[in-house]
1. Across the range B:499-522, what is the total count of residues that are buried (at least 21 other Cβ atoms within 10 Å of the Cβ) and away from chain A (no Cβ under 14 Å)?
2. If you take just the strands (runs of 3 or more DSSP E) that sit entirely in the range A:160-229, which of them hold at least 2 residues that are within 20 Å of residue A:27 (Cα to Cα)?
3. What is the number of the single condition among (1) closer than 28 Å to residue A:233 by Cα; (2) surrounded by 15 or more Cβ atoms within 10 Å (Cβ to Cβ) that residue A:136 does not meet?
4. For the range B:104-113: of the residues being assigned to a loop (DSSP other than H, G, I, E, B) and closer than 18 Å to residue B:87 by Cα, which is modelled with the lowest pLDDT?
5. How many residues, within the range B:6-38, are part of a helix (DSSP H, G or I) and over 25 Å from residue B:114 (Cα atoms)?
6. Determine whether the range B:355-366 contains at least one residue that is at pLDDT below 95, surrounded by 19 or more Cβ atoms within 10 Å (Cβ to Cβ) and under 23 Å from the mean Cα position of the chain (by Cα).
7. Could you look through the range B:39-70, keep only residues that are assigned to a strand (DSSP E or B) and among the hydrophobic types (A, V, I, L, M, F, W, C), and pick out the one that is modelled with the lowest pLDDT?
8. Among strands (runs of 3 or more DSSP E) lying entirely in the range B:373-476, which contain 3 or more residues that are under 30 Å from residue B:311 (Cβ atoms) and either in contact with a strand residue (DSSP E or B) (Cβ under 8 Å, 6 or more places away or on another chain) or more than 14 Å from chain A (Cβ to nearest Cβ) (or both)?
Amino acid sequence: MCRLALKTADLPFSPYEVLTAMEAMQEGYDGSGLGLLLRGIEFEDFNYKGRWPIFSGIAHTEEALQRLNVFMSERGYELIYDHNFAMTPGLIEAQDREKYIVRVYREPSNVDPSHEAGEERNMRIRLELRKNGEEHGGDLTAFSFWPNVVMIKEVGWPLQVGNALGLHDGRLKANVVMAQGRQNTNYGINLYACHPFFIQGIATMTNGENTAFVPIKEWLTGKGFPGYTGYQSDSEVFTHILHYVIKKLKLPLETYKHVITPLKTEELDVHPQGEFLRGLRAVCRRLIIDGPNAVIGTLPDETCLLVMDHKKMRPATVGGRPGVWAIASEICGVDAMVPDRDRSLDFQPMREHTVIIPPHRKEMVIWSQFDPFTLPQAA
Amino acid sequence: MVSVRSVYTSPGSLTYSDLPWIIQHREDRCTLCGRCTSVCPVQAVYLTYRRQRIPKLDILKKKRGNDYRTFVGIRQRTTIEHKCVGCGMCSMVCPNEAIGPVPNTNENRSLFHIHQKGEAWKRGGRRNVPGRTFLDRIVFNRISMLTDPALDAGRHEFNLNTILGRVLPPEEFLRRQAAGEWIPPTREIFPFIIGSMSFGALSPNMWLGLLQGVAYCNEVLGIPVVMATGEGGVPPWVLKSPFLKYVILQIASGYFGWDEIIRAIPEMQCDPAAIEIKYGQGAKPGDGGLLMWFKVSRLIARLRGVPEGVDLPSPPVHQTLYSIEESVMKMIQTMSMVFGFRVPIYPKISGTTSAKAVLNNLVRNPYASGLLIDGVDGGTGAAYNVSMDATGHPIASNLRECYLDLVAQGRQNEIPLFAAGGIGKNGNITQNGMALIMLGASGVHIGKYMMQAAAGCLGNEMGRCNICNVGLCPKGITSQNEKLYRRLDPDDVAQRVADTFMAIRTEMKKIMAPLGRSQSLPIGMSDALGIDDAAAAERLRVRYVC
């Protein structure tokens with residue numbers, strides 16, 4: 001099993017807080033990978049307004065860094081902020097870490113200003129950078145290129161990685177932080193295999209194993225969408241399915257649960273939207289996940305969600321108070337992130353639940369698969 | 001003494017050791033009850049008087065001589081039409097275990113003489129290739145143990161059903177849903193389907209038993225099994241019954257039985273499960289259906305609208321069609337329209353290197369609901385030996401390449417592929433079926449296995465029995481002779497159908513649980529498969545294990 005921690009708060013906080021929660025749950029991972037995703041970014045030494053895209057990645061060599069500079073300037077991107085981590089290099093196992101990159105780029109003035117074009121453009125830049133690195137022996141790793149999002153992935157123990165990058169110094173803060181400590185299973189040690197996974201602003205991380213990985217991967221790949229690639233981890237498909245449901249099918253967030261773990265025929269027979277959901281189950285049959293999984297996700301508007309597999313074979317707890325919420329695979333993780341909360345209101349979702357923390361963070365919404373939802377498209 | 005020159009032997013003279021099966025008869029146990037001779041479907045054994053010489057030696061009188069004893073014994077006929085087929089009914093009815101066929105391990109010389117009167121030999125049944133099949137060698141080797149918990153086949157809930165019918169891409173489904181447009185019909189069915197065996201090939205009792213069993217599986221056990229009819233129609237009472245929803249009606253090149261079906265449409269209480277358009281069959285590709293005259297009884301003649309006692313060879317192609325465009329466009333569309341666009345229509349083809357061409361055509365036809373590919377190991381009620389032995393394409397690679405073709409197009413959820421041909425021929429029904437499902441099939445059709453499991457068909461891969469074509473089935477499964485099919489009690493068949501599907505359901509869970517799969521049928525889960533043959537592994541793109 002892996003360990004997951006997410007904290008979302010009205011006031012920006014240091015990602016180190018979430019790493020301490022990971023430390024509380026340290027029995028559950030083996031140091032084979034730590035992933036961090038930060039949303040709602042605040043830099044101490046730069047007034048970032050959340051407009052321009054941030055590139056997160058690692059340049060493993062000086063040459064790769066130079067290539068990145070050339071790549072971005074050729075496309076008209078202007079570097080306006082380059083975050084310097086207060087590094088303590090000895091704490092990182094790997095030797096080939098020339099530079100952890102968190103850079104804000106100003107987009108060229110002649111680009112298509114529409115929202116969709118921006119999403120497409122940012123994704124393509126990330127994919128091209130990733131490909132560029134892969135073509136040069138993996139000397140450049142690209143995690144995300146997106147406004148208001150920073151991603152860090154490294155092999156090692158969470159606190160150690162946090163210390164190595166000086167994440168405790170308060171120079172980098174965020175409203176939402178996702179962290180995952182990985183238990184290396186069957187896909188080798190690879191930075192791209194660390195959760196969370198990211199595509200066009202949507203990110204998920206998982207505690208579990210998706211046994212239906214190969215058929216789902218084949219189906220997503222067959223969609224021909226350039227972002228549906230990678231798949232160093234079987235959990236990456238959860239992110240892509242969420243992306244597919246929200247961005248491609250434009251369905252409400254609640255339907256994600258109906259796609260990945262649909263209800264049985266007998267249950268759908270008595271569901272108010274049963275007929276539609278039966279149809280949806282058939283057309284999205286290849287996206288039904290399997291195996292034990294707790295999926296924690298975040299959306300570009302800072303909505304956070306938590307869903308379980310259909311047999312509820314993984315734990316997860318959500319707790320907090322208006323303004324601050326935490327989701328973790330263990331209660332001790334929630335305790336570490338939001339100690340001053342009413343613990344009696346903690347919630348452990350069952351197989352039918354989707355827990356949603358809306359962007360206003362005033363409450364958590366517990367939505368059951370048996371409940372109806374609004375579906376303007378199918379009305 | 002008889003002189004050697006006067007012993008008659010013709011080029012076709014055979015002795016019992018030239019035949020594929022030799023009757024072993026134990027005189028000391030035989031009570032001469034005559035049951036074996038009366039039950040033998042081909043009259044291979046007969047009672048006869050024999051004379052036996054008993055040497056006599058009177059020592060005191062120093063005299064030698066002979067005594068002769070006359071006795072009644074069982075003998076084996078050696079003519080081709082009466083050669084023992086090895087069905088073993090004689091041993092089944094013998095009260096004293098005095099008789100039974102044994103396979104001839106010597107060379108089977110009768111093979112050279114079976115073409116009598118210019119007729120090429122025909123048989124029913126199977127391809128007769130014994131030994132482990134390719135499917136038997138596939139193992140499921142992605143085991144969930146510690147990284148994810150193994151599931152409990154006995155206690156956890158499993159979704160085992162599959163979908164028959166065209167499935168739209170999700171975007172298109174939502175668009176049509178919003179616009180109120182037609183959404184192609186689908187059926188949620190059990191992935192093991194009773195394959196097409198016609199009313200005509202099967203006896204009325206067998207057919208009734210299967211249907212009863214299928215209805216029981218659906219209505220009592222909650223296993224949504226469907227059965228396909230094969231060519232030749234359905235008894236009129238079934239067409240007007242609520243059981244029609246468990247039946248896939250087949251239309252084939254002879255169109256037999258469709259007068260009755262079309263006439264019954266206004267009176268149907270429910271839609272059939274699907275319509276199967278047969279273009280080919282794995283056991284005899286390029287050949288139409290064949291119901292030999294022996295089996296065209298009065299009932300069958302009435303259902304099919306033909307005179308009694310004539311051979312009914314269906315043409316190899318649908319007569320109104322000269323190309324795939326026509327067959328796909330017109331036939332599928334017409335059949336869809338006939339049933340109000342509420343019934344899935346899919347073609348059945350024999351395994352062939354050109355299967356992908358057919359598939360690609362179907363993918364572009366909005367009314368096509370699936371594709372059934374029948375491999376070389378499929379069975380048949382009647383076919384020429386040469387067709388059965390030498391033509392056809394094995395199912396595994398044929399199915400796999402079609403599936404991978406769909407994967408490459410991103411259409412693998414849209415046109416379900418069904419596989420048939422040799423599934424469970426050594427009894428490993430669930431293992432064979434699940435292997436094909438993980439190679440990409442949405443489900444499998446099983447025929448011979450059902451005849452063996454549900455009705456006690458005696459056929460095996462050693463060439464045993466194989467006389468389905470001439471209507472002499474000693475178990476009454478493929479006979480239209482009332483005296484024979486009375487032996488088969490439909491209730492017993494129904495019971496066995498239910499037993500069989502309950503066991504398949506359990507075995508499916510026992511395969512899926514260790515793979516960590518329970519939420520959906522693991523279609524295309526090729527990462528769970530391994531085979532001990534590197535070339536086959538490469539061809540199927542699964543793991544080579546040794």
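The values are calculated or read from the model by the stated rules, or taken from the named source; none is laboratory data. Because the structure is a prediction, the values reported are computed rather than measured. All Cβ positions, glycine included, derive from the backbone under ideal geometry; neighbour counts span all protein chains shown.
1. Here the count works out to 4.
2. Details: elements: A:172-181, A:197-199, A:202-208.
Correct list: A:172-181, A:202-208.
3. So residue A:136 meets the others, but not (2).
4. At the first step, the residues of the range B:104-113 found to be assigned to a loop (DSSP other than H, G, I, E, B) are B:104-108.
Of the ones still in play, those that are also closer than 18 Å to residue B:87 by Cα are B:104-105, B:108.
Values: B:104: 92, B:105: 88, B:108: 81.
Applying the filter and picking the extreme gives B:108.
5. Residues meeting the conditions: 2.
6. Yes, because at least one residue in the range B:355-366 is at pLDDT below 95, surrounded by 19 or more Cβ atoms within 10 Å (Cβ to Cβ) and under 23 Å from the mean Cα position of the chain (by Cα).
7. B:57
8. Working: elements: B:380-384, B:417-420, B:443-446.
Counting at least 3 such residues, we get B:380-384.
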